[in-house]
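The structure under discussion appears below in the form of structure tokens.
The values are calculated or read from the model by the stated rules, or taken from the named source; none is laboratory data. Note that this is a predicted model, so its numbers are computed, not measured. No Cβ is skipped: glycine too gets one built from the backbone with ideal geometry, and neighbour counts run over all protein chains shown. Accessible surface areas use protein heavy atoms only, side chains included; no ligands, DNA or RNA. Shrake-Rupley method; radii C 1.70, N 1.55, O 1.52, S 1.80 Å.
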Amino acid sequence: RALAKDPTAVRSAGEDEAKAERKRSVVKKVSRGAGSLQGAAASATESAPSAAARRRSSSGTNGSSFAPPSRGDIVVPADAEAKLAELSRLAADLERQVEAASAKLQALRPSRETNGGTPTAAALVEAADRTEKQLKRLAGQHREAQAMEQDIGAAAVGVHSADSAKHAPTAQTLQLERRVKELEQKLSEAANGGADAAALRDQNQQQAQQLERLQNENRALSQQLLAANKEIEATERRRQESERKLKACQGLSQNLVGVLRGLQGSVVSLRREQGAIATLAKDERSSIIEGFTQLARSVQSISASKESLEVRCRDLAEERKKLHNLVLELKGNIRVFVRVRPMNDREKVDEAAGESTISYAEDCKISVYEVNTARRKWFDFDKVFQPKCSQQEVFEEVTPLATSVLDGYNVCIFAYGQTGSGKTFTMTGNKENPGLNVRILTELFRIRETRRADMDISISLVITEIYNETIKDLFVTKQKKLDVKQNPDGSNTVPGLTELDVDSVEAVLKAMAEASGNRTVMATDMNEESSRSHSIVQVRTVCVSKKDRREYIGKINLIDLAGSENVNKSGVTGQGMKEAQNINKSLSALGDVIQALVAKTPHIPFRNSKLTMMLKDSLGGDCKTLMIVQCSPAQGNVVETLSSLNFAARARNVELGKAKRNVKGGD
């Protein structure tokens, strides 16, 4: 295949054939020359005596004394005839070998035609080897022919010497000389045959190089063949593996065929059963549809009844609430709301697994579980807010009570509970989620706008704190001594406080921000911003009717009490310890007042604390009072939680009497 792609190899084969043809012609010429040389030598040997006789007769005739040379005078090698015979035989052998080589070349032509005109590598190798051997043999014969030429040349010199001595060469001698020249010319041509031999050697070298290239290609092809054999072996292994898997699959398929036949029989029986069941189901479906039709009518009737009952239930619940509030207003009871803050991350880690500390029932019942006693205590209040309840939900419950201040009522809303339970958040909140203080004032301004056509409403603001039993005005930085004074009508006031008139929500927010910055707070182990004082936001409203000039004077106190504090938990010392003692003392005085109000004792100890003195108007009568108790849901604060709820339960039983409107003047 490689030779078929090489046109040079094809041209080389044609040149080899032409050179072989030239070799055959040279060999034929050498053979003819050797035969002529042998005949000339014989004729020269035979004619030598006759020529001598003729010369003797001629000389005798002429009376000359010249002695012609004898046959022995011509120096002819003794084995010249034998060498000539051997040369003839070698020439004949060479001719036969050349003819044999030519026949082989002729035989190669069919193979070239078979292989697309290109000899195969094996044929070229064999022809090259044989041609090289023939060239070597031809070179040896050429050397022998040169030796014979020298011998014949010597013989010719002898003859020439004899002829020169005679100075009378005969026609036969001239013919012999011409014959010798012809032989010399033929020998020269034979020498030229040596040049052909050199050309053949060069060609042989080229063929050897071509053979080496073919051998390299053969080695590359052998490597490719080896790789192909390996790939074939791998393919054979994969084929065997595939056959093995195929046999396994065929066996499995046969098994599956048997199973499938069994399943087909089961399918036939199941189809028959399905048909029977379908018929039965169709009949049953018809009967069920008829039953469902009747049931649907009944359900619709029940749904309509349910909706009407739910509406009736809501109406009754609203009516019950109104009646309950009316009873509370008539009795003057303190209303109590409970709000439970969410549990923080530290409390979640410390919280014991098992029963929940706080649980709820409906929207007004709450229970507390104490692990140490394994007891759960239930409480009933006016409203219970779970940790998920928002600031807005608390405000919506408080709004009716708070807005009654515009009708001339005195209202008090205060937050009570241990430190860190969320009192300040409920009352003050933050900028993103404001508390009751901001929301109630915003609602008052909204109502003022709706009543502007009928009434002139003015709103003023006073913000104070009770810190270590000292009253401080939070609108000023330079404090002066302030004290609670009793008015002739029995109410209490604090002369000297800064009363700020406000006409917009923005003015309220600015004033409250200023006051909040002046309030005393401190970080404790229980609260990062623990309030160290009782904050009181007092809003005064005066509503004058444009129709009859009647004045409705109202007042609402929004109180954020400092938290009751266990100093062992809060970790306070020094000034913080003194603050905690005063806070607990004032809250204890508040508890005594509540207890006295519940027991309806003749003397109520309002003067035991500045806090209770300022709350006298809210706890002593003619006031609507709401207590919001803040609780912690953690088991670690269960003692404080129970204490706060027990206090709230007692406060809920206080009857203040029916609240009265403060109305003046009028046409």
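Run Gly490 past the list (1) within 21 Å of Ser609 (Cα to Cα); (2) modelled with pLDDT of 85 or more; (3) part of a loop (DSSP other than H, G, I, E, B) and report the number of the one that doesn't hold.
Of the numbered conditions (1) within 21 Å of Ser609 (Cα to Cα); (2) modelled with pLDDT of 85 or more; (3) part of a loop (DSSP other than H, G, I, E, B), the odd one out for Gly490 is (2).
Applying the selection to region 203-253, what residues are polar (S, T, N, Q) and either closer than 30 Å to Lys133 by Cβ or not in a helix (DSSP H, G or I) (or both)?
Result: Gln203, Asn204, Gln205, Gln206, Gln207, Gln209, Gln210, Gln215, Asn216, Asn218, Ser222.
Could you give me the residue pairs with C-beta distances under 7 Å whose first residue belongs to region 500-520 and is farther than 13 Å from Leu444 by Cα and assigned to a helix (DSSP H, G or I), whose second residue is open to solvent by 30 Å² or more (accessible area, probe 1.4 Å) and modelled with pLDDT of 85 or more wherever it lies, and which are 6+ apart or on separate chains?
Ala511/Leu500; Ser516/Thr428
Across region 458-485, what is the total count of residues that are surrounded by fewer than 18 Cβ atoms within 10 Å (Cβ to Cβ) and modelled with pLDDT of 90 or more?
Counting residues in region 458-485 that are surrounded by fewer than 18 Cβ atoms within 10 Å (Cβ to Cβ) and modelled with pLDDT of 90 or more gives 2.
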